[in-house]
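K.L.:
Below you'll find the structure I mean.
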Amino acid sequence: MKKTAFIHRLLTIAVPLLAMSCSSDEIQAQTQNNETMIQKMYITIDDRTESVTLVDNNATQTLIAKLQQAPVTVTLNSSGGFEIWGALGFSLPTDNEQIEARPGDIVLYSGSNICIFYGTNSWSYTRLGKIENLSVNELKTFLKAGENNVSVTLSTNSPTGINNVRTGKNPSSAYTPQGTLAQAGQKGIIIENGQKRIR
């Protein structure tokens with residue numbers, strides 16, 4: 001009798017704890033989904049596209065909502081030997097703070113200007129995101145450092161599903177349009193050496 005009462009009491013405690021644990025896991029999964037909803041933006045200059053990891057703030061949420069309607073093309077100019085910048089053509093919410101901007105950083109200046117850095121500068125900006133995995137020299141080439149009237153397209157979708165395949169390192173690699181490595185003998189559209197092919 002005592003053993004049955006003990007098991008009953010144990011179950012009374014364990015079942016609610018298990019339910020709470022499941023609820024906690026569901027909440028955590030939902031939170032992770034919400035955090036990844038606006039994780040990426042894409043920048044295209046000429047025929048090259050690079051991905052941007054965005055921070056989560058009011059400015060990026062508003063920008064993503066705008067880009068989901070249609071890509072935005074802006075004309076940016078080199079300035080100060082450390083950035084290209086120019087007017088977005090619309091305003092975003094600001095949350096300015098003193099920032100030491102570094103190569104790859106993307107910020108909002110005065111609410112309606114976008115700045116993309118290939119050098120460093122300290123000023124009051126609203127942080128938007130960062131171009132990842134490019135060296136300073138690669139950034140300068142991609143951003144056309146020192147040039148003016150650089151046409152830059154911002155979008156939420158990569159045009160090919162692949163961010164700048166570097167064929168020099170592994171010329172035999174082939175990718176699917178989703179950006180995954182194509183398996184040997186895989187049929188359909190693949191991208192090899194920067195070219196679309198049908199197998």
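K.L.:
Specify whether the C-alpha gyration tensor of the stretch 84-124 places it in the rounded, prolate or oblate class, a ≥ b ≥ c being the square roots of the eigenvalues: rounded for a/c under 1.5, otherwise prolate if a/b is larger than b/c and oblate if not.
P.N.:
Oblate is the answer for the stretch 84-124, as a/c is 1.5 or above yet b/c matches or exceeds a/b.
K.L.:
If we sort 105-113, 74-82 on the protection proxy, mean other Cβ atoms within 10 Å, highest first, what's the order?
P.N.:
Most protected by this proxy first, the peptides run 105-113, 74-82.
A short reminder: the numbers here are calculations on the coordinates, not readings from a lab. These figures come from a predicted structure and were not determined experimentally. Positions of Cβ are backbone-derived with ideal geometry, glycine not excepted, and every protein chain shown enters the neighbour counts.
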